[in-house]
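This report concerns only the one structure given below.
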Amino acid sequence: MSGKVVLITGGSSGAGKAIGVYLKSFGYEVYGTTRDLKKNADFNHFKLLELDVTKVGSIENAVNQLISQTGRLDILINNAGIGITGPIEETPHAEIQKAFDTNFHGPLHMIKAVLPSMRSQQSGLIINITSIAGYMGLPYRGIYSATKGALEVATEALRMETKDFGVQIANIAPGDLATNIAAGRYHVPLQVDSPYKKPYGDTLQMINEEVDSGQDPIEVAYKVLKIIRTKKPKAHYKVGVFMQKFSLFLKKILPDKVYEKLLLNHYKL
C-alpha cells in the first residue's frame, strides 16, 4: 500500500475520476477537486475538495486545507480542462481567455501553490494532462491546441527549474477520450453567413464523432501509475491509438507542407 497523498484537479468525472479510482485501489490517499461540492453530494469514490482552477484564492484555500489535514502532498495531477472549437477569427476573445485561464494558467497556479510544500519535503511529482492536439495546430481547434501546447513547453522549463528540489514534472498527452468534454465544450455557433460555415460544420461533426469513439480514460490512469512508479520520469508521455501517436512521428520527419496536406486531407478541407 502506498499511502502517498494525491490531488487531482477535475476529479469528479472523466479522466480525473478514472485516475482517482484507479490510484485509490493501489492504496493512494486520493483527493479530487470540483468547482461545486453541492453538485457532487453523492460522490463517494474518493474525497473531493471545492476548487476552481481559474481562481487563485480558491486554489490556495484548497491546497492549504489539504496540507493541513494530511501534513503533506506527494502528487499533483493537473487534469481539469475545457474544450473549445471554432474558427479563430470568429471566436470571442473572452472565450479564448477562458480556455487559457483553465487549461494553461490554472495548472500554473496549481503548480505555484504546491511547490513550496514539495520543496520543503524535498520530494514531489506533478503530472500535467495535456493533449496530443497540443503538438500540432488543428483546424478549428487551434485555441485548444495552443493551450495544451503552451503547458507542454512550460513543463520542459519547469523540470529544469525545479530539478534541485526533489520535484519531478511530466506531461501525459492523451488522444481522444470517451469523456463528457464535448458536452461542456465551448464551440463557436455556426453562422449562416459565415465564410467558414461548411468546413467548420463538417469538421465539428468529425470532432464529435472522434470523441464519441475515443479511448477509455482508464488508459490515462494506467499511464499515471506507471509514471508514479518510474524513478526518473520523462518530460513527455502519450496515450492514444496507433494512428494518433504515429501522426506525431510523421510531424517530426515530414516537411511542414506535406504534413499540413495530410491534415487537410484528413479533415477533407
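Overview of values
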| read-out | value |
| --- | --- |
| About the Cα centre, charge dipole magnitude for the chain (Lys/Arg +1, Asp/Glu -1 at Cβ), debye | 880 debye |
| For region 195-209, 3J(HN,Hα) per residue [Karplus equation, 6.51 cos²θ - 1.76 cosθ + 1.60, θ = phi - 60°, Hz, x = Gly/Pro] | x, 9, 3, 6, x, 5, x, 5, 5, 4, 5, 5, 4, 4, 5 |
| Protein accessible area in region 9-51, 1.4 Å probe - carbon and sulfur % | 46 percent |
| Cα-based helix-to-principal-axis angle, 56-70 vs the chain, degrees rounded to 10 | 40 degrees |
| Relative contact order (%) - region 133-269, alpha-carbon pairs under 8 angstrom, separation at least six | 29 percent |
| Contact order normalised by residue count of the chain, Cα under 8 Å, 6+ apart, percent | 19 percent |
| Carbon + sulfur, % of accessible area of region 134-269 - ligands and nucleic acids excluded, 1.4 Å | 58 percent |
| Lysines with Cα under 27 Å of LYS257, excluding same-chain neighbours fewer than 8 positions away | LYS148, LYS197, LYS198, LYS238, LYS245, LYS268 |
| Nonlocal amide H pairs with ILE8, under 5 Å, H built at 1.01 Å | TYR31, GLY32, THR33, ILE77 |
| Orientation-averaged projected area, Cα convex hull of region 91-136 (nm²) | 4.1 nm² |
| Extension reserve of the LYS47-LYS197 stretch, reckoned as 0.36 nm per residue once the Cα distance is removed | 49.6 nm |
| Cα→Cβ-extended label distance, 7 Å offset, between GLN205 and GLU89, nm | 2.2 nm |
| Correct choice for Cα Rg over 2.2 N^0.38 Å that was computed from the model, options (1) 1.01; (2) 1.06; (3) 0.94 | (1) |
| Proximal aspartates and glutamates to LYS24, defined as alpha-carbon separation beneath 17 angstrom and excluding residues fewer than eight positions away on the same chain | ASP74, GLU219 |
| By accessible area with a 1.4 Å probe, ligands and nucleic acids excluded, highest first: order of HIS93, HIS236, HIS187 | HIS93, HIS187, HIS236 |
| Out-of-range pairs (alpha-carbon distance over 31 Å; input LYS163/LYS226; LYS38/LYS112; LYS232/LYS261; LYS39/LYS112) | LYS232/LYS261 |
| Whole-number accessible area per residue in Å² for the chain, which is evaluated in the context of all protein chains at 1.4 Å | 50 Å² |
| Over the chain: helical MRE at 222 nm, DSSP H runs n ≥ 4 each giving -39500 (n - 2.57), nearest 500 | -14500 deg cm²/dmol |
| With all protein chains modelled, accessible area of LYS198 [1.4 Å, Å²] | 140 Å² |
| Estimated vicinal HN-Hα couplings, Hz - region 103-113 in sequence order (Karplus 6.51, -1.76, 1.60; Gly, Pro = x) | 8, 10, 5, x, x, 5, 5, 4, 4, 4, 6 |
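The values are calculated or read from the model by the stated rules, or taken from the named source; none is laboratory data. Quantities reported herein were computed from a predicted structural model and do not represent experimental measurements. Don't worry about glycine lacking a Cβ; one is built from the backbone with ideal geometry, like all the others, and counts go over all protein chains shown. Surface accessibility is based on the protein's heavy atoms, side chains included, excluding ligands, DNA and RNA. Shrake-Rupley method; radii C 1.70, N 1.55, O 1.52, S 1.80 Å.
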